[in-house]
């Protein structure tokens with residue numbers, strides 16, 4: 001149970017504000033997250049690590065000398081938006097390039113990747129490392145395709161120490177990947193975590209049972225066993241982690257026994273007593289173990305074991321001093337710690353170009369449609385959340401509401417400033433992506449932006465532009481998300497919708513005629529989307545977080561496909577009206 005909060009939707013922001021207030025000498029609040037209070041030394045690579053909120057000490061608690069330079073902080077269990085990542089990286093980078101580090105999840109890959117492209121366009125060298133230590137989330141030969149859990153701690157610690165020791169960007173990237181490929185983890189849960197304001201946990205483990213192979217976002221485990229003793233649990237964890245030999249085969253190891261929020265220190269020490277004995281029996285020498293809460297999941301009852309094999313190079317970096325709010329090791333961190341800051345990068349509002357009277361009228365209609373979408377998603381939020389809990393993390397409904405609310409607010413600002421149809425959608429798309437986070441947030445943001453590019457600020461929006469823009473919007477979702485029909489994602493509903501519109505256009509529909517002509521095309525295409533979305537109940541998920549629990553998703557439609565079908569159905573109704 002999460003007991004203390006104000007507004008559940010501002011919980012992540014409020015928590016970051018409080019963290020910075022508790023560590024004013026070391027941390028500075030910037031748009032999107034936190035950075036070190038002092039500037040990154042000139043020419044030193046900047047390590048920017050991040051992910052969703054709800055995992056403290058990861059990731060903002062690791063910002064400090066010898067560790068990370070900045071951390072973008074997304075909504076709870078959702079990737080930070082590309083806008084947040086970009087802002088934190090801009091405030092951390094100082095001529096040495098950037099390493100962007102995160103756990104290997106679809107939303108993080110997407111948002112950090114978009115931010116990297118924007119930074120590279122400005123001439124900044126960016127390297128990306130996605131931690132993939134969880135042995136339960138992929139086959140032995142697919143290590144870099146697995147998700148990242150508590151292995152984030154030793155991998156990013158190695159990266160930060162390498163940079164502090166003088167490594168340039170290429171060398172720091174090499175060592176970070178080396179650390180990732182030497183790291184394996186396995187987690188277990190005894191009960192699920194509860195989002196702020198939620199009435200119940202994201203999932204429950206039956207009384208007297210233990211779920212094995214959970215993720216850090218509340219994903220259900222891949223197996224269940226009777227509740228073990230501490231000694232039995234230690235054997236499950238050690239055997240699971242040591243079941244495969246990582247790329248670096250060494251008898252020395254950095255080991256982390258990580259609590260996920262509810263299991264407290266004395267309990268972990270009892271488990272660690274047995275883990276230490278089993279690791280020694282396996283021939284491993286443990287170097288400076290860490291037992292405690294490092295990568296949590298709000299109040300999840302569970303823990304995980306991480307083992308990183310060490311050679312001399314990695315061992316020196318694992319033992320090197322660090323001074324972050326939630327991770328302090330050794331004596332004073334040596335080397336250049338940077339100068340006092342003389343300012344920070346703060347994104348400003350995008351300019352609003354002049355628009356014709358007809359385009360401004362179209363923008364007002366678009367605003368009305370966005371308001372209706374927001375109202376629809378607020379009504380659907382509980383239902384979408386329940387669908388997402390089956391094989392995901394339960395936040396789809398919340399993320400969609402956050403995105404739609406931000407999009408509507410951005411559209412209101414544009415309309416109030418006499419903006420046109422193109423600008424209202426482009427800025428609404430940017431706002432949706434920035435506030436919603438996660439994969440769906442990025443995809444819906446891209447969809448609105450692509451839709452807007454079909455319109456003009458100089459003339460009224462036409463039916464033909466609308467249909468062309470809707471096709472472009474779905475193409476953007478396909479291109480950026482990488483999913484195809486059958487993967488059990490939004491694309492399962494979006495592609496039939498796009499194909500129906502394209503078929504109508506190819507058949508010569510008079511989309512430049514009365515508005516009801518375009519409305520009819522959209523309504524027909526939306527009916528195809530509804531049918532396809534409902535059919536996703538019959539298939540298993542193969543992408544995103546749900547792919548690791550695809551069989552559990554059978555019988556429940558994909559929430560992303562359902563929300564897409566509901567939105568385009570509403571659009572058809574509004575156009576007809």
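Give the stretch 273-319 a look and list any residue that's free of Cβ contacts under 8 Å to residues at least 24 places away in the same chain and either surrounded by 22 or more Cβ atoms within 10 Å (Cβ to Cβ) or closer than 17 Å to residue 152 by Cβ (or both), or say none.
Passing the criteria: none in range.
Among (1) assigned by TED's automatic domain parsing to the domain that holds residue 11; (2) surrounded by fewer than 20 Cβ atoms within 10 Å (Cβ to Cβ), where does residue 126 come up short?
With (1) assigned by TED's automatic domain parsing to the domain that holds residue 11; (2) surrounded by fewer than 20 Cβ atoms within 10 Å (Cβ to Cβ) applied to residue 126, the lone miss is (2).
Restricting attention to the stretch 179-186, does a residue exist that is under 21 Å from the mean Cα position of the chain (by Cα), farther than 28 Å from residue 285 by Cβ and surrounded by 21 or more Cβ atoms within 10 Å (Cβ to Cβ)?
Checked the stretch 179-186: no residue is under 21 Å from the mean Cα position of the chain (by Cα), farther than 28 Å from residue 285 by Cβ and surrounded by 21 or more Cβ atoms within 10 Å (Cβ to Cβ).
Taking the criterion of being more than 24 Å from residue 136 (Cα to Cα), modelled with pLDDT under 85 and in a loop (DSSP other than H, G, I, E, B), would at least one residue in the stretch 498-507 satisfy it?
Yes, the stretch 498-507 contains at least one residue that is more than 24 Å from residue 136 (Cα to Cα), modelled with pLDDT under 85 and in a loop (DSSP other than H, G, I, E, B).
So in the stretch 439-456, with the set limited to residues that are surrounded by fewer than 24 Cβ atoms within 10 Å (Cβ to Cβ) and assigned to a loop (DSSP other than H, G, I, E, B), which one is nearest to the chain's Cα centre (by Cα)?
My answer is 454.
The rows are residues; the columns are (1) modelled with pLDDT of 95 or more; (2) more than 28 Å from residue 386 (Cβ to Cβ).
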site: 151; (1), (2): yes, yes
site: 173; (1), (2): yes, yes
site: 179; (1), (2): yes, yes
site: 201; (1), (2): no, no
site: 207; (1), (2): no, no
site: 217; (1), (2): no, no
site: 244; (1), (2): no, yes
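Kindly check whether there is at least one residue in the stretch 228-235 that is modelled with pLDDT of 95 or more, in contact with a strand residue (DSSP E or B) (Cβ under 7 Å, 6 or more places away or on another chain), part of a loop (DSSP other than H, G, I, E, B) and over 27 Å from residue 56 (Cβ atoms).
yes
Check 394, 403 and return the single one that is part of a loop (DSSP other than H, G, I, E, B) and touching a helix residue (DSSP H, G or I) at 6+ places or on another chain (Cβ under 8 Å). Step through it out loud before you land on a result.
Numbers: 403 fails: part of a loop (DSSP other than H, G, I, E, B).
Only one candidate qualifies: 394.
Quick one: which of 413, 309 is modelled with pLDDT of 95 or more and in a strand (DSSP E or B)?
Going through 413, 309 in turn, just one is modelled with pLDDT of 95 or more and in a strand (DSSP E or B): 309.
Can you find a residue that is buried (at least 17 other Cβ atoms within 10 Å of the Cβ), modelled with pLDDT of 95 or more and farther than 30 Å from residue 24 by Cβ anywhere in the stretch 320-332?
Taking every residue of the stretch 320-332 in turn, none turns out to be buried (at least 17 other Cβ atoms within 10 Å of the Cβ), modelled with pLDDT of 95 or more and farther than 30 Å from residue 24 by Cβ.
Right, residue 99: outside the structural domain of residue 188 (by TED's automatic domain parsing) and touching a helix residue (DSSP H, G or I) at 6+ places or on another chain (Cβ under 8 Å) or not?
Numbers: outside the structural domain of residue 188 (by TED's automatic domain parsing): yes; touching a helix residue (DSSP H, G or I) at 6+ places or on another chain (Cβ under 8 Å): yes.
Criteria met by residue 99.
State whether the residues of the stretch 247-260 include one that is within 29 Å of the chain's Cα centre (by Cα), modelled with pLDDT of 95 or more, closer than 18 Å to residue 187 by Cβ and assigned to a loop (DSSP other than H, G, I, E, B).
yes
The values are calculated or read from the model by the stated rules, or taken from the named source; none is laboratory data. Bear in mind the structure is a predicted one, so any value in this text is a computation, not a measurement. Every residue, glycine among them, receives a Cβ derived from its backbone with ideal geometry; neighbour counts consider all protein chains shown.
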